[in-house]
Amino acid sequence: MFSLLPWRQAKSIYELTGESLARQGVRLLLADLDNTLCTYSAKEPDQALRDWLADLQGHGVTLFLLSNSRKPRRAAHFAQALDIPYLGHAGKPKVGGFRKALASQGVDASACAMVGDQVFTDTLGANRAGVRSILVEPISLAGNPGRYLRYWAELPMRFLSRNRRWDREGGR
Ligand SMILES: [Mg+2]
């Protein structure tokens, strides 16, 4: 379905606890990399990210990296450092990458959610693929003027879905 509105919004991935995801029936969490799991400039996963992943795994939630990064080794490097499955050059918002990720994990779209910081790739792609979309705030817009412009273009969608907060709807 073509929709630019996320199913839920959260400030960051850290609102998405393993317990709250499992309660929502999420067994597979697809995640964007840059500005969602870490900054564009981060070279390695930090301890907070590793602890969050361990919490998800402790609740039976698989984390899958679905990245559009144009740096050829970046998604692979992070996925290998975290020991999680991944797809680089995922082509979001096209649905092909989402379908590949679901098929590789043998999980139905209904048991999956996608978390990302961009409406026109992460949210739109997930909605088209029938996967629940969770929109987070970008970790940092600094470093590239295009990021501010993109964020500005997303503000109407963030505003229109402002009541769909994970901490209210998902965290219960
Ligand atoms: Mg991103």
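At-a-glance table
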quantity	calculated
Neighbour net charge for residue 117 - beta-carbon separation under 10 angstrom, K R +1, D E -1	-3
Estimated distance in nm for a label pair at residue 57 and residue 168, the labels positioned 7 Å out from Cα along Cα-to-Cβ	3.5
Chain lengthening between residue 22 and residue 47 when straightened (0.36 nm per residue, less Cα-Cα)	6.8 nm
Share of carbon and sulfur in the accessible heavy-atom surface of the chain [1.4 Å probe, %]	56
Accessible solvent surface per residue of segment 1-136, calculated while the other protein chains remain in place, 1.4 angstrom probe, Å²	42
Low-density loop positions, chymotrypsin sites (Phe, Trp or Tyr not before Pro), segment 1-95 - DSSP coil, at most 16 other Cβ in 10 Å	2
Under 5 Å, built H, 5+ apart or other chain: amide partners of residue 31	64, 65, 66, 115
Residues of type lysines that residue 100 reaches as a straight line, Cα spacing below 21 Å, ignoring anything fewer than 8 places off in the same chain	71, 92
Cut-off 15 Å between beta-carbons: net charge of the residues surrounding residue 82, Lys and Arg +1, Asp and Glu -1	-3
Segment 8-167: translational diffusion in µm²/s, Stokes-Einstein, Kirkwood Rh over Cα pairs, 4 °C, 1.567 mPa s	83
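The values are calculated or read from the model by the stated rules, or taken from the named source; none is laboratory data. Predicted, not measured: the structure shown is a model, and the values here were computed from it. Cβ atoms come from the backbone with ideal geometry, glycine included; neighbour counts cover every protein chain shown. These area figures cover heavy atoms from the full protein model, side chains too; ligands, DNA and RNA do not enter into them. Shrake-Rupley method; radii C 1.70, N 1.55, O 1.52, S 1.80 Å.
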